[in-house]
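Reading through the structure tokens given below for one structure.
The values are calculated or read from the model by the stated rules, or taken from the named source; none is laboratory data. Keep in mind that this is a model prediction, so the values were computed, not measured. FYI the Cβ positions are ideal-geometry reconstructions off the backbone, even for glycines, and counts take in every protein chain you see. Accessible surface is based on the protein model in full, side chains and every heavy atom, while ligands, DNA and RNA are left aside. Shrake-Rupley method; radii C 1.70, N 1.55, O 1.52, S 1.80 Å.
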Amino acid sequence: NNAFKKGSMLIYEAEVSGPPSTLTLLNDDGGMEGREVIYGTSDGKVGLIEMGIEEPLPRWEVANDKRLGGISCIDNFDITNDGIMDLIVGREDGNIEIYSYDSMDTPFLKYTHVIRIFIIKIISLALY
């Protein structure tokens, strides 16, 4: 397995409700304490886990009630230009979803678009 360098050690594991397919840090920096990880699953769920000192703490999870494709990529970018990072989700079935966060930092679906091709990666670009 090339994922671990020789001599590295697993600190702990986090269990999620489906097979994980992608990970990213919340807001690209892990949030206030640098320990929050957003995950996507191959069965289409997106969630947030805080990597606590002793154990992982689940914070939220967005279900896949519409039975859309699995999550192939996720990114953070202020696409709504409101000063708060949004969550951009790409799915295997071509759906792109933009989630904003409410006052309790829980995501809600703001926009969706279907491009009918397999989404491999989303790259957020800032123009200055």
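Label-to-label distance, Lys110 versus Glu13, with points set 7 angstrom from Cα along the beta-carbon direction: 3.6 nm.
Summing charges over all other residues whose Cβ lies under 12 Å from the Cβ of Gly34, with Lys and Arg as +1 and Asp and Glu as -1, gives -4.
Ordered by 1.4 Å accessible area with all protein chains kept, Glu54, Glu13, Glu92, Glu97 run largest first as Glu54, Glu13, Glu92, Glu97. Normalising by the residue count of the chain, find the relative contact order in percent from Cα pairs under 8 Å and 6+ residues apart. Normalised by residue count, the contact order of the chain is 16 percent.
Give me D for the chain in µm² s⁻¹, whole number, from Stokes-Einstein with Rh from the Kirkwood sum over alpha-carbon pairs, 10 °C and 1.306 mPa s. Could you put the intermediate results ahead of the total?
Values: Rh = 15.5 Å.
In µm²/s, the coefficient rounds to 103.
Share of carbon and sulfur in the accessible area of the stretch 1-78 stands at 52%, probe radius 1.4 Å.
Starting from the Cα of Asp78, step 7 Å toward the Cβ, then list every residue of the stretch 7-27 with an amide N under 19 Å from that point. Label zone hits: 25-27.
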